[in-house]
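Novice: Quick one: structure below, then a few questions.
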Amino acid sequence: MKSDVVLFDFGGTLDADGVHWSPRLHAAYRAEGGSLEYASFERLVQAADRALARLPEIRGLGFRDTIEAEVRLLLELVPDRPRVDAHRMSELFYGEARAAVARNRPVLERLARRYRLGIVSNFSGNLVPCLEELGLARLFAAVSDSSVIGAAKPDPRIFAETLFALRAAAEDAWMVGDNFEADIRAAAELGMRTCWVAPPERAAPAGVVPTARITRLPDIEGVLE
């Protein structure tokens, strides 16, 4: 059965190969001399995420500025702040993300000629400026940012809002994402087909089998065919 609509997560899906921001920030932090283990570091990332969303200027921040703000807020919380160069950490994260987006952009351009595309993302209220900076905004007919919508995945309301904007039923749509609970399980429960973007070594949780699984976004074209 042909699908008319393809929805994507953003962070970890369009800017990486199935790895979300927290472990990538941790890798950049450790590369620049940080000492915290991931379990402790992840809790600080969550706190920095909340602080980022409260910044007065957040709605206008593009992708690079968002990363720099996130890193600055995060390093205010770590105990070894003087050892870590915020600029180099930001540039490492940004460079890898930008390279992934540059690789994925032609894929999305081809898909946009055949499908109506949307984004469903738990973000900070500035997803549109980030997409504009990355040259992606023009490819998506609907963009749902949780901080703008007022509902975050896995809440079905954010999916419903996006499908309504695209005039599509859940059974006529795919959801492509890296977060199994927020993207795959939530979309499957609504009747959408799902494609999980994840490294090959990552085990799938029990209870839901995604329609497809890929390790890198360019493979989505083969799935949709």
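Novice: Quickly run through the range 1-37 and pick out the residues that are assigned to a loop (DSSP other than H, G, I, E, B) and among the small types (Gly, Ala, Ser).
Specialist: Matches in the range 1-37: 3, 11, 12, 16, 18, 33, 34, 35.
Novice: Taking the range 73-89 as the region of interest, how many residues are closer than 27 Å to residue 136 by Cα and free of Cβ contacts under 8 Å to residues at least 24 places away in the same chain?
Specialist: Residues meeting the conditions: 2.
Novice: All but one of (1) touching a Ser or Thr at 6+ places or on another chain (Cβ under 8 Å); (2) in a helix (DSSP H, G or I); (3) surrounded by fewer than 21 Cβ atoms within 10 Å (Cβ to Cβ) hold for residue 52, so report the exception by its number.
Specialist: (3)
Novice: State yes or no: is residue 86 in contact with a Leu (Cβ under 7 Å, 6 or more places away or on another chain), modelled with pLDDT of 95 or more, surrounded by 13 or more Cβ atoms within 10 Å (Cβ to Cβ) and at negative phi?
Specialist: yes
Novice: What residue, among those in the range 172-203 that are touching a residue at least 60 places away in the same chain (Cβ under 8 Å), touching a Gly at 6+ places or on another chain (Cβ under 8 Å) and among the charged types (D, E, K, R), is farthest from residue 12 (Cα to Cα)?
Specialist: 202
The values are calculated or read from the model by the stated rules, or taken from the named source; none is laboratory data. Quantities reported herein were computed from a predicted structural model and do not represent experimental measurements. Cβ atoms come from the backbone with ideal geometry, glycine included; neighbour counts cover every protein chain shown.
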